[in-house]
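Structure first, then comments.
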Amino acid sequence: MQERHMDDQEETSKTRRKEEMHERQDLGEQLVALSAGQLAELDLPERLLDAIVLAQTITKFGALRRQLQYIGRLMREVDTAPIAARLDQWAGRSREAVAYLHVLERWRGRLLESDAAVTELATAYPGCDLQRIRTLVRNARREPNATAPSSPSQLRNYRELFQELRSIVPEQPSKA
């Protein structure tokens with residue numbers, strides 16, 4: 001009796017297997033939506049890549065659904081964690097990407113609030129174009145409601161400052 005109970009614990013429930021199957025199919029749908037360059041970056045097995053490329057050409061709903069199921073079956077042989085992590089990163093949902101954007105937002109806020117922040121930025125990231133930063137900060141401060149953006153057309157310098165910071169502040173390498 002004890003031995004039978006151990007076997008039950010080791011087996012995955014039917015519900016869990018179905019959930020995993022649906023997760024793989026959902027991941028497959030996301031893969032079908034990717035460009036050829038993004039697919040090449042993922043280094044997928046050839047059979048899976050061929051199935052994805054074929055699914056991108058299918059227009060009939062029933063045929064596409066069957067192809068997505070096939071892709072889900074092929075994904076049983078693949079470690080899906082790195083694929084899902086890369087998709088999240090591309091979608092900007094990874095913790096590192098969100099943290100990086102928060103760092104940039106904090107720098108922009110500090111620069112708009114204080115002139116001393118320009119010196120801090122120069123100290124933290126030597127080699128940045130201080131003249132360009134000062135110009136963008138000055139112009140962004142002149143824009144109406146730079147701290148609470150309303151109309152995107154009025155905030156050109158506010159956005160440019162963010163892009164400039166993005167080119168200065170390096171993104172932290174992921175620990176994956």
task = Take the alpha carbon gyration tensor of segment 95-168, find the square roots of its eigenvalues, order them as a ≥ b ≥ c, and report rounded if a/c is under 1.5; if not, report prolate when a/b exceeds b/c, else oblate.
result = oblate
query = When ranked by the protection proxy of mean other Cβ atoms within 10 Å per residue, highest first, what sequence do the peptides 56-62, 67-73, 44-50 form?
reply = 67-73, 44-50, 56-62
ask   = When you count, for each residue, the other Cβ atoms within 10 Å and take the mean per peptide, how do 23-29, 111-117 rank with the highest first?
value = 23-29, 111-117
task = Quickly rank 15-21, 135-141 as a protection proxy: mean count of other C-beta atoms within 10 Å, highest first.
result = 135-141, 15-21
ask   = Roughly how many nanometres apart are two label points built 7 Å out from the Cα toward the Cβ at ARG47 and LYS18?
value = 2.6
remark   = Taking Cα pairs closer than 8 Å and at least 6 residues apart, the relative contact order of segment 17-128 in percent is 26
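Bear in mind these aren't lab numbers, they're just calculated from the coordinates by the rules spelled out. Computed from a predicted model, the values in this text were never measured in an experiment. Heads up, the Cβs are rebuilt from the backbone with ideal geometry, glycines too, and the neighbour counts pull from every protein chain shown.
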